[in-house]
Amino acid sequence: MNLKGKNAIVTGGSRGIGKAIALGLAEHGANVMINYTSNKEAADEVVKEIEAYGVKGLAIQCNVTNSDDIKKMVDLAEENFDTIDILVNNAGITKDNLLLRMKEEEWQQVMDVNLKGVFLCTKAIIRKMMKQKQGKIINISSVVGVVGNAGQANYAASKAGVIGFTKSIAREVASKNIHVNAIAPGFIDTDMTAVLTEDVKSALIEGIPLKRYGKPEDIAALVAFLSSDLSNYITGQVINVDGGMAI
Ligand code: NDP
């Protein structure tokens with residue numbers, strides 16, 4: 001996969017899956033901008049790792065629920081990059097609870113980051129991609145958005161929303177040579193899943209035919225493919241990377 005000369009923005013690229021995606025794109029030759037909310041040191045470290053691949057790395061503080069922050073992020077990208085070729089909407093959070101106990105704030109915060117954030121970031125770059133007449137947008141959904149999960153109604157609804165958004169935007173911008181796809185990861189070993197108890201993790205593994213958790217690099221590999229010309233006839237798809245969880 002050759003991404004030489006391509007420019008990418010990866011939201012939530014300071015750790016976990018987003019970090020692996022940013023490094024994967026850099027490894028294949030793309031310049032990469034990431035954002036972070038609070039941990040500047042972690043983001044600066046990722047930038048160093050990106051630049052070790054001989055490409056340009058940038059990091060900016062940006063909350064994806066805030067359109068002013070997103071404008072600053074896109075402005076910085078435009079100052080440094082001629083084109084924005086790849087957008088990976090990866091930033092996401094969980095606030096798990098059973099419906100009976102779920103607070104309205106828990107519902108709203110998850111919707112704001114996971115779904116409104118995807119809308120705002122995509123809206124902020126789509127005009128530029130349309131003018132360029134090319135672009136790749138990859139939205140990180142979840143297997144839970146496909147099959148649901150008790151205790152995650154807010155998260156599942158937000159990730160199912162990302163799938164509907166992906167398919168709709170794919171139809172809207174296909175004529176401009178912009179490809180929009182979603183990835184539905186299963187259980188990936190990151191900070192997000194580290195909070196689960198060993199009992200819950202063991203039970204989860206029982207439901208994974210490949211009998212292991214995924215690694216952030218398992219997602220990054222597909223993002224690199226979907227960012228490359230090798231995927232030029234794929235749009236509006238949801239691709240599971242879940243060890244067979246949703247078979
Ligand atoms: P982590 O919790 O490890 O990392 C989340 C990332 O999102 C961090 O970089 C964080 O930045 C960023 N982020 C959170 N809120 C915001 C915000 N408001 N604005 C900007 N950035 C924000 O999560 P994962 O790496 O595990 O998950 C990445 C994506 O993959 C998420 O969308 C998640 O829902 C999805 N996913 C994860 C799965 C898993 O098993 N881990 C399974 C399926 C989907 P900061 O460090 O600054 O807070």
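The values are calculated or read from the model by the stated rules, or taken from the named source; none is laboratory data. Since the model is a prediction, treat every value here as computed from it, not as a measurement. Here the Cβ positions follow ideal geometry from the backbone for every residue, glycine too, while neighbour counts run over all protein chains shown.
Identification of helices (runs of 4 or more DSSP H) wholly contained in region 176-247 with 2 or more residues that are more than 12 Å from the ligand (Cβ to nearest atom) yields 198-206, 216-227. Take Gly18 and tell me if it is within 13 Å of the chain's Cα centre (by Cα), within 8 Å of the ligand (Cβ to nearest atom) and assigned to a loop (DSSP other than H, G, I, E, B). So Gly18 does not fit the description; no. Given the structure, is Lys167 closer than 26 Å to Met130 by Cα, out of contact with any Lys or Arg (no Cβ under 8 Å at 6 or more places or on another chain) and surrounded by 14 or more Cβ atoms within 10 Å (Cβ to Cβ)? Judged against the criteria, Lys167 is a match.
Do the conditions hold for Ile70, that is, is it within 13 Å of the ligand (Cβ to nearest atom) and either at pLDDT below 95 or not in a helix (DSSP H, G or I) (or both)? Considered against the rule, which asks whether it is within 13 Å of the ligand (Cβ to nearest atom) and either at pLDDT below 95 or not in a helix (DSSP H, G or I) (or both), Ile70 comes out as no.
Contact map, region 184-202: first residue closer than 21 Å to Ile21 by Cβ, second residue modelled with pLDDT of 90 or more and loosely packed, with under 15 Cβ neighbours inside 10 Å, Cβ cut-off under 6 Å, separation 6 or more or different chains; the map is empty.
Contact map, region 98-119: first residue under 18 Å from Asn66 (Cα atoms), second residue assigned to a helix (DSSP H, G or I) and of a type in the set (Val, Ile, Thr), Cβ cut-off under 8 Å, separation 6 or more or different chains; pairs are Asn114/Val162; Leu115/Val162; Val118/Val162.
Any chance region 157-172 includes a residue that's touching a residue at least 12 places away in the same chain (Cβ under 8 Å), more than 23 Å from Ile86 (Cα to Cα) and within 16 Å of the ligand (Cβ to nearest atom)? Looking for residues that are touching a residue at least 12 places away in the same chain (Cβ under 8 Å), more than 23 Å from Ile86 (Cα to Cα) and within 16 Å of the ligand (Cβ to nearest atom), one finds at least one in region 157-172, hence yes.
Inclusion of Glu78 among residues that are without any contact (Cβ under 8 Å) to a residue 12 or more places away in the chain, outside any loop (DSSP other than H, G, I, E, B) and either surrounded by fewer than 17 Cβ atoms within 10 Å (Cβ to Cβ) or within 13 Å of the ligand (Cβ to nearest atom) (or both) is not warranted. Filtering region 42-67 to residues that are of a type in the set (S, T, N, Q) and either part of a helix (DSSP H, G or I) or away from the ligand (no atom under 15 Å from the Cβ) (or both) leaves only Ser67. Scanning region 198-226 for residues that are within 24 Å of Ala160 (Cβ to Cβ) and among the hydroxyl-bearing types (Ser, Thr, Tyr) turns up just one, Tyr213.
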